[in-house]
Amino acid sequence: SDPLVAPMAKKCPGRSLLFAISPDDQALQEHAQLGQPVAFVRDGQIIISNLNSEMVIDHVSNFPVTRGGLIRFQIENLLAASGALWAAGIPV
């Protein structure tokens, strides 16, 4: 969701995963339409979507750092960490 970060995906020599809390984020949707993986929150759950498949990681409130899902920047940190673990092939 950071307008300075999303354009960096084009400079990445490999695949990139973008994340935003909202699944309606424009950069996130454009990235997904290019067939690239994305991570976002839907109904309070962290979702990783890649092409036509989605994986639910867990509900954000189950992570103590979010204080019940209230601390937004910690939810963003969880999205980044979840995306990195997914990209590394670490199972849920």
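The values are calculated or read from the model by the stated rules, or taken from the named source; none is laboratory data. None of these values were measured; they are calculated from a predicted model. Glycine also receives a Cβ, built like all others from the backbone with ideal geometry; neighbour counts cover every protein chain displayed. Ligands, DNA and RNA are stripped out before the accessible areas are found, and what is left, the full protein with its side chains, is counted by its heavy atoms. Shrake-Rupley method; radii C 1.70, N 1.55, O 1.52, S 1.80 Å.
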Under a 1.4 Å probe, what is the accessible area of the chain per residue, stated in Å²?
-> 65
For region 34-43, what does the Karplus curve 6.51 cos²θ - 1.76 cosθ + 1.60, with θ = phi - 60°, yield as ³J(HN,Hα) per residue in whole Hz, taken in order and with x for Gly and Pro?
-> 7, x, 9, x, 9, 10, 7, 10, 9, 6
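Could you give the dipole magnitude of the chain about its Cα centre, charging the beta-carbon of Lys and Arg +1 and that of Asp and Glu -1, in debye to the nearest 20?
For the chain, the charge dipole is close to 240 debye.
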By its C-alpha gyration tensor, with a ≥ b ≥ c as the square roots of the eigenvalues, how is the chain shaped: rounded for a/c under 1.5, else prolate for a/b larger than b/c, else oblate?
-> prolate
Grab the DSSP H runs of the chain that are 4 residues or longer, score each as -39,500 (n - 2.57), total them, divide by all residues and round the 222 nm result to the nearest 500 deg cm²/dmol.
-> -8000 deg cm²/dmol
For ALA20, the net charge from surrounding residues (Cβ-Cβ under 12 Å; K, R +1; D, E -1) works out to -3
Counting only residues 5 or more apart in sequence or on a different chain, those whose built amide H sits under 5 Å from that of ARG42 are ILE47
